[in-house]
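Engineer: Pasting in a structure now, in C-alpha cells, and then I'll have a few things to ask.
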Amino acid sequence: MLVSTRGRYALRVMLELAQRPADSFTPLPVIAEAQSVSEKYLESIVVLLSRAGLVDGVRGKGGGYRLTRTPDQYAVGEILRLTEGSLAPVACLEGEENTCPRAGHCHTLPMWEKLDSMINDYLDSVSLADLLRETDGSSL
C-alpha cells in the first residue's frame, strides 16, 4: 500500500481544520499557506471532502471550510479510503468481492487478507484527535 500525495494532503487539510475553532470557517488560501500546498491542488481535495460530508464549505466573504464533526469522530482510515479508493495491499482485495481466478487455491491469499484487515483496523483506530495529541508530545 502506498498512500498518494492526495491522501496525505487530505489528512493535512483535516488536521489543519481540526486545530481551528469549530464554529469558524477557514478560507482555502489560509489552509494552503499553512500547509505549504498549492491552493489549486487543495481545491480538488476539499471538494471531495465536502461531497463526502467530512467538511462544510461556504463560498464568499467569511467563507471557507470547517469540520462537520469533532476531531475524535474522524478515523484516519475513513479519510484515506475516501481519497485513495482502497487501502488493500494487493489488487485482488480492492473490490467488494475477490474475482481472482486463483483465489480458491491461492496459498498467499490468507496472508494478504490478514494484512488488509490489520491495515484497516489500525487506520480506523487512529483519529484526527489522536494525531493532534501525538504532535503535542503525547503518545497514541
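Engineer: Divide by every residue of the chain the summed helix terms, -39500 (n - 2.57) for each DSSP H run of at least 4, and state the resulting mean residue ellipticity at 222 nm, rounded to the nearest 500 deg cm²/dmol.
Structural biologist: Result for the chain, helices only: -15000 deg cm²/dmol.
Engineer: Quick one: if you stick a label point 7 Å off each Cα along the C-beta vector at Asp121 and Thr135, how many nm between them?
Structural biologist: 2.9 nm
Engineer: Compute the Cα gyration tensor for the stretch 78-122, then decide on rounded, prolate or oblate, letting a ≥ b ≥ c be the square roots of its eigenvalues: rounded whenever a/c is under 1.5, prolate when a/b is larger than b/c in the other cases, and oblate in all that remain.
Structural biologist: Verdict is oblate for the stretch 78-122.
Engineer: Next question. Using just the Cα positions, wrap the chain in a convex hull and report its mean projected area in square nanometres, one decimal place.
Structural biologist: Approximately 9.6 nm², given one-decimal rounding.
Engineer: Of the listed peptides 38-48, 108-118, what is their order by residue-averaged count of other C-beta atoms within 10 Å, with the highest listed first?
Structural biologist: In decreasing order of mean packing, 38-48, 108-118 become 38-48, 108-118.
Engineer: In 5 Å bins starting at zero, report the fraction of Cα pairs in the stretch 58-140 per bin as a rounded %.
Structural biologist: Calculated over all Cα pairs of the stretch 58-140, the distribution is 3, 13, 16, 17, 14, 12, 10, 7, 5, 2, 1, 0, 0 percent.
Where a number appears in this text, it was derived from the coordinates with a stated rule and is not lab data. Source: prediction; values computed, not measured. For neighbour counting, all protein chains shown are included, and Cβ atoms are generated from backbone atoms with ideal geometry for every residue, glycine included.
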